[in-house]
Each structure stands twice: as C-alpha cells, then as structure tokens.
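Trainee: Could you have a look at this structure, given as structure tokens, before my questions?
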Amino acid sequence: MDSRFGRAGFLFFAFIFLFTIVPRDIPHAQEVIPETGAEESAASTGGDIISQLFSVFNHPLFTDFKVLHLFIVIVALLAAMLFGKMVSALFKGYITHLTQQGGRKKVVGSVLNAFRRPVVVLLWAGMIRVAGVFLEPQYLSAVLWLTDVGINFAVLLVIYDFAEVLEQILLERAKLPESSINEKIVPFLKKFIRVVAVLIVAIQVFQIVSGQSVTTIIAGFGIAGMAVALGAQDTIKNLFGFLMIMMDKPFQIGDEITFEGHEGKVESIGLRSMKMRRYDGHVVTIPNMQAVDRPIHNISNRPNIRRKIKIALPYNTKPEKIQKALTILKELFNNHEGCRPKFPPRIHFTELNADNLEVRVLYWYHPANYWAFCEHAEKINLAILTRFNKAGIEFAFPTQTVVITPSATKKTHKNT
C-alpha cells in the first residue's frame, strides 16, 4: 500500500506541477537559413557551422526559460521522491525497532507510523516550494497553490492514519475487565473521524482551487445536505439510534430480550437496524430508532428469576390444615436451591377469594439460568403435591355451588 501511495502521490504532484508551471503554447522554431557564398573558405565554413550550433540557444524555447523551468521542476520532483524514500525508510526502521520491544514503545511506534506518510508529503510540498524560488514571479502563485494543497493533504493523512492508531488503543482498552469501552462502536468512531477529516480538507482544498469563501462553500453544501437529509431522514434517525444503543448499552449481541411480543436473542446490531432471532427460529428486524423509543426487556441482565406460586385451598379447609400447609411450604423453601440471604422466600396466607382460600409463595432463584430454574420448579411442584397429599390437604378447583331453597307453593282451587 505504501508503494502504491508513493507512486500515486508522486505522479499527482508531478502532473499538477507540470500542468501549472510549464506553458502549453510553445512557439515554433523559426527556420535559420545560413548565408552561403562561393567565395567562403573552408575555415569560414567551419566557423559558420559552430555559430549555427550555438544559435540554437537563441531559440525562444531557451530564451523564455521553458526548458530551464521544466528542468527545475523535474529536479525538484526527483529530489522530493528521493528524500521521501529516505525519510520513509528511516521511519520504517525505527518503527520496527519500537514495535519489537512491545509495551508502550509499540504504541509510540504506531503513533510515529501515523506521521510517516504526512512527512513525506510535506517534503514533496517543500521541494516544490523551493523550486518556486528559481522560477519567474508569474509562476509563484501556482507554486503557492500547490504547496497549500500539499499541506492540507498532509494534515488529512495525519488525521486519517491517527484514527487507525486510536482504534488500536481503544480496542486494547476494551479488552480490560474494568473497561467501559464498547468495542462495537470503536470501528464506527474511526470511520466517523476519517469522514469528517476528508470533508473538512475537501472544503479547504476547494476553497484554494476555486477562490470562494468558506461560508459560500458551506452554504452550498448545506443546501445539498438539506435535500439529502429530507430524503434520508429515516436512515439518519436509525443512525443516531445506533449511536444511542452503543452509548447506553440497553442490550448487546447474544442477550435475550423481549420486544413488543417477540422474545429471542440479539444476533446483530447494524447502523440501520438490529436483528433478533426468536425461539421459533424466525428473525425479526427492528429499526434502531424503534429499539430506542420503545420499551425492551433485557432478560439476560436480570440478576435472578422470581416465581410466584398461588395455592388455592377449598373453603371447608380448617385453620389447622392451613397452618399445616404453611409449615410444609416453609420447610420446602428453607434454604432452597438458588436461594440467597438477601432474597428469602415469602410465604403467607394472603387472600379470601370468592371461591377459594389463597396461600401465596414468592421466591427468587439465583443465578438467572432459565433451564436450571425450570428443573428446580419441577422438583418444588412435586414436593408440594406429595407433602400435601400425605397431610390430607386438598387443593381447590373452580367450583360453583347452587343452593336451592324450598319455597311455599300456593294451590288455587277453582270453584265450579
């Protein structure tokens, strides 16, 4: 890549410099016809030939310094290329030495590598500026124009390459256990820095080339930006939604979530949308802005699983039986599997419902492993059923009692 960059940059500067310095209208040579005579001697003939050879330098191509200008430009470009190769080789050698040592020196090497290409470009711009000293004043504006473009291009390369270094540093920090850096947003941050740098330098170069003010250029871009924004407002909203998801971290890839009746695992988070695979295998695509605006339940982030059991006893159950039921339940849930001291089980006779007496059990299972929780719930259910049957405690089921009261019937006699 470096070699391609060097060749492309050199050809670009060479073309622009030649295009701006060397005039394109070269006068045609006027034919020089020597005077000859029959009386000329051999010596005078030889002298005329020599004078004709030297008279070539009186051609307008040489008197206007066209070839001299071209020679200066070529020398400047070759010198810039030579010095650029030397500086680049020195940078590479020192950077390799620092990288092999590792640690902080490796980071220093990466930072120096970000300045390697910009320094080469600045050398090219500097040599062109030096060449402008030997050119005529009318070419000075073109030299200054090209030098400014080179400086702006070097600034762009500094920011562009340093974004790569910043990405490496942030990714290394993200691997640390105590780090709060989201490694998913780091590549996006690198691209964002590069795009902004390219836009700023492009505006600056366009100002140099066109001679327009920055406000005029920005106003033109603003009108075009408004037109684009109106047509792509949904895309822009989803892009900001992606940034909010990356900063707030309501969920991550692999988390189990529920969203508007859908339940499954997050498979990917893109710039426009996120994808969730439901437990039935279907993939649900959710625009990022909807994921931000609407409530999402992150199941994976719950510290525990809470279960509520409602045990219904019939109304003809005696108080002693109810007390026996509470005792059995407290024995079953005393220091149960997945129990933590901060979340002890809660067991109470809570309700006198219309058709049953309700005993409520509330307990928490740690950790929040759903399938382990299901196995524990199965054990608890079987234990409750077994212990209640042994104690003769019946469960209530939905019933309806119809009470028929006898009513006095009146017999009417019809007198005939």
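The values are calculated or read from the model by the stated rules, or taken from the named source; none is laboratory data. As the structure is a computational prediction, the values presented were derived from the model and not from experiment. Counting neighbours? That spans all protein chains shown, and the Cβs are built from the backbone with ideal geometry, glycine included.
Trainee: Report, by residue number, each residue of the range 284-304 that is assigned to a strand (DSSP E or B) and under 13 Å from F251 (Cβ atoms). Steps first, answer last, please.
Mentor: First pass over the range 284-304, keeping only residues assigned to a strand (DSSP E or B): 284-287, 297-298.
Residues satisfying the conditions are I286, H297, N298.
Trainee: Kindly establish whether M274 is surrounded by 15 or more Cβ atoms within 10 Å (Cβ to Cβ) and at pLDDT below 80. Please lay out each step first, then the result.
Mentor: Numbers: surrounded by 15 or more Cβ atoms within 10 Å (Cβ to Cβ): yes; at pLDDT below 80: no.
Considered against the rule, which asks whether it is surrounded by 15 or more Cβ atoms within 10 Å (Cβ to Cβ) and at pLDDT below 80, M274 comes out as no.
Trainee: Can you tell me which residue in the range 364-378 is surrounded by the most Cβ atoms within 10 Å (Cβ to Cβ), limited to those that are in a helix (DSSP H, G or I) and touching a residue at least 12 places away in the same chain (Cβ under 8 Å)?
Mentor: Keep residues of the range 364-378 that are in a helix (DSSP H, G or I), which gives 370-378.
With touching a residue at least 12 places away in the same chain (Cβ under 8 Å) added as a condition, the list becomes 370, 372-373, 376-377.
Details: Y370: 11, A372: 15, F373: 20, H376: 18, A377: 15.
So, considering only residues that are in a helix (DSSP H, G or I) and touching a residue at least 12 places away in the same chain (Cβ under 8 Å), the one surrounded by the most Cβ atoms within 10 Å (Cβ to Cβ) is F373.
Trainee: Given the criterion exposed (fewer than 14 other Cβ atoms within 10 Å of the Cβ), within 29 Å of E378 (Cα to Cα) and either of a type in the set (K, R) or assigned by TED's automatic domain parsing to the domain that holds T386 (or both), identify the matching residue among K324, K318. Walk me through how you get there before you give the answer.
Mentor: Numbers: K324 fails: exposed (fewer than 14 other Cβ atoms within 10 Å of the Cβ).
None of the others qualify; the one that does is K318.
Trainee: Please work out which residue is nearest to R306 (Cα to Cα), limiting yourself to the range 354-363 and to residues that are in a strand (DSSP E or B) and of a type outside the set (S, T, Y).
Mentor: In this case the residue turns out to be L362.
Trainee: Follow-up question, since we're still on this one. Counting only residues that are farther than 21 Å from L362 by Cβ and small (G, A, S), which one in the range 284-331 is nearest to the chain's Cα centre (by Cα)?
Mentor: Selected residue: A291.
Trainee: Continuing with the same structure: Give the residue, chosen from V292, V284, V266, that is touching a His at 6+ places or on another chain (Cβ under 8 Å) and over 30 Å from L352 (Cα atoms). So that I can check it myself, show each step before the final result.
Mentor: Details: V292 fails: touching a His at 6+ places or on another chain (Cβ under 8 Å); V266 fails: touching a His at 6+ places or on another chain (Cβ under 8 Å).
Going through V292, V284, V266 in turn, just one is touching a His at 6+ places or on another chain (Cβ under 8 Å) and over 30 Å from L352 (Cα atoms): V284.
Trainee: Right, another one. Restricting attention to the range 250-283, report how many residues are more than 19 Å from the chain's Cα centre (by Cα), outside any strand (DSSP E or B) and not aromatic (F, W, Y).
Mentor: Taking the range 250-283 as the starting set, the residues that turn out to be more than 19 Å from the chain's Cα centre (by Cα) are 255-265, 276-283.
Next, only the ones that are outside any strand (DSSP E or B) stay: 255, 260-261, 279-282.
The next check asks that each one be not aromatic (F, W, Y); those that pass are 255, 260-261, 280-282.
So the answer is 6.
Trainee: Cβ-Cβ below 6 Å, separation at least six or inter-chain, first residue in the range 151-176 and under 20 Å from G126 (Cβ atoms), second of a type outside the set (A, V, I, L, M, F, W, C): which pairs?
Mentor: Correct list of pairs: N152/Q204; A154/P118; L157/R117; L157/P118; V158/P118.
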